[in-house]
Amino acid sequence: MIFVGVDPSIRATGIVALRDGEVVFQICVNEPPRKKYDPKKPPRVDAERLANMERAISNRFDELDPSRSGEAVVAVEEPFVGKSGPAALKTYSIFAAVVVDLQKRVWSRRVAKLYTPSPATVKKFVGAKEKNFVARRVFKLWGYEPDDDNLVDAYAIARWAEAEWNGTTK
């Protein structure tokens with residue numbers, strides 16, 4: 001069985017796949033670069049941009065052979081909804097697109113199970129009281145230390161999916 005964790009974001013989505021506790025696949029899917037960034041005009045989440053991000057993430061799942069044979073258990077972390085409504089809507093847009101794609105894979109038996117844990121659930125699982133302590137706990141528990149926070153979160157989500165599938169979540 002392969003366990004995949006997805007940390008969705010409109011800017012960079014981390015994906016980590018584990019088999020027997022070892023990383024077999026990790027990637028950070030970044031949004032296409034913009035021509036010019038203007039802080040007074042935050043990026044819009046238009047249909048084309050959202051479709052491009054979803055397609056890029058979907059293509060990464062196609063690279064995982066087990067996802068074609070129903071041996072994958074996937075967890076996509078729900079977005080954190082803070083004080084910024086517009087930011088939450090943008091992140092929920094990519095979350096929804098990814099979850100719909102993965103649910104279709106469940107229905108076609110290419111994915112065995114799809115989970116959508118909350119950020120609080122994942123933090124509790126690794127024993128982190130706050131988001132900024134997740135990386136420290138992941139390293140302490142499993143020795144995983146990538147250069148990107150999105151990959152750390154995706155790794156923790158994959159570990160949670162494995163524990164949930166095996167009935168051993170805290």
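The values are calculated or read from the model by the stated rules, or taken from the named source; none is laboratory data. Treat the numbers as computed from the prediction; the structure is a model and nothing was measured. Heads up, the Cβs are rebuilt from the backbone with ideal geometry, glycines too, and the neighbour counts pull from every protein chain shown. All accessible areas refer to the heavy atoms of the entire protein, side chains included, with ligands and DNA or RNA removed. Shrake-Rupley method; radii C 1.70, N 1.55, O 1.52, S 1.80 Å.
Some notes on this structure:
- Virtual spin-label span in nm between Ala12 and Val81, 7 Å along Cα→Cβ: 2.7
- Share of carbon and sulfur in the accessible heavy-atom surface of the range 125-170 [1.4 Å probe, %]: 46
- Full-stretch length increase - Ala47, Thr169 - with 0.36 nm per residue and alpha-carbon distance subtracted: 40.2 nm
- Estimated at 0.36 nm per residue, the fully extended path between Glu145 and Ala120 surpasses their Cα-Cα distance by 6.9 nm.
- Calculated SAXS-style log₁₀ I(q)/I(0) at q = 0.12, 0.17 Å⁻¹ - the range 82-170, Debye, Cα scatterers: -0.44, -0.86
- Modelled FRET efficiency - R0 22 Å, Lys131 with Lys104, Cβ distances, 0.05 increments: 0.15
- Ranking by accessible area, most exposed first, for Leu114, Leu102 with a 1.4 Å probe: Leu114, Leu102
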